[in-house]
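Notes follow once the structure below has been shown.
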Amino acid sequence: MNKFNSFNHIDILITNFMSKWGVTLLRYSLGIIYIWFGILKPFGLSPAQELVENTVYWFDNPKTFVPILGWWEVLIGVTMCFKPLIRFSILLLFIQMPGTFLPLILLPEVCFTSFPFGLTVEGQYIIKNLIIISAALVVGSTVRDGNYK
């Protein structure tokens, strides 16, 4: 067996593994992230607490909004982990997601060191949601295949 055939064989094994497990691991990763980040909010342990409160300033008491958002996120995470509930999870996720970008508009001084490219840690925390949106699209693309990877 020459080096190319050996490399090709290893490449096939790796890509088959990724094909078999990638979407499943992505789905559970989304679930874990949403449960973990969400559960912190009702208990006042989220590092994003102040950012959320300052963003939803129009609520009578923004402090009451944060726990509700946290439980919403936990619900997204839990439903993401159960195959028949993926559609519902993605619906909840896409309702929640636009609000995560509001600080970029409402609190640019908190999100940018130098507009529009220099991001603070808070800005990076928000921009990483682009990956979550893309991951949800990938997971969502599997709901019609019958086996819900």
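The values are calculated or read from the model by the stated rules, or taken from the named source; none is laboratory data. Keep in mind that what you see is a predicted model, and the values were worked out from it rather than measured. Please note: Cβ atoms are built from the backbone with ideal geometry, for glycine as well, and neighbour counts cover all protein chains shown.
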Only one of (1) out of contact with any Leu (no Cβ under 8 Å at 6 or more places or on another chain); (2) surrounded by fewer than 16 Cβ atoms within 10 Å (Cβ to Cβ) does not apply to I39, and that is (2)
Selection from the range 106-137 of residues of a type in the set (V, I, T), assigned to a helix (DSSP H, G or I), more than 20 Å from W71 (Cα to Cα) and without any contact (Cβ under 8 Å) to a residue 40 or more places away in the chain yields V121, I127, I131
| message | Kindly evaluate P98 against the criterion of being under 13 Å from the mean Cα position of the chain (by Cα), within 23 Å of L137 (Cα to Cα) and exposed (fewer than 14 other Cβ atoms within 10 Å of the Cβ). | response | yes
Note on P103: of the conditions (1) surrounded by fewer than 16 Cβ atoms within 10 Å (Cβ to Cβ); (2) assigned to a helix (DSSP H, G or I), unmet is (1)
request  = State yes or no: is I33 at pLDDT 95 or above, under 25 Å from G123 (Cα atoms) and either of a type outside the set (F, W, Y) or not in a loop (DSSP other than H, G, I, E, B) (or both)?
outcome  = yes
- Item | L13 being in a helix (DSSP H, G or I) and buried (at least 16 other Cβ atoms within 10 Å of the Cβ) | no
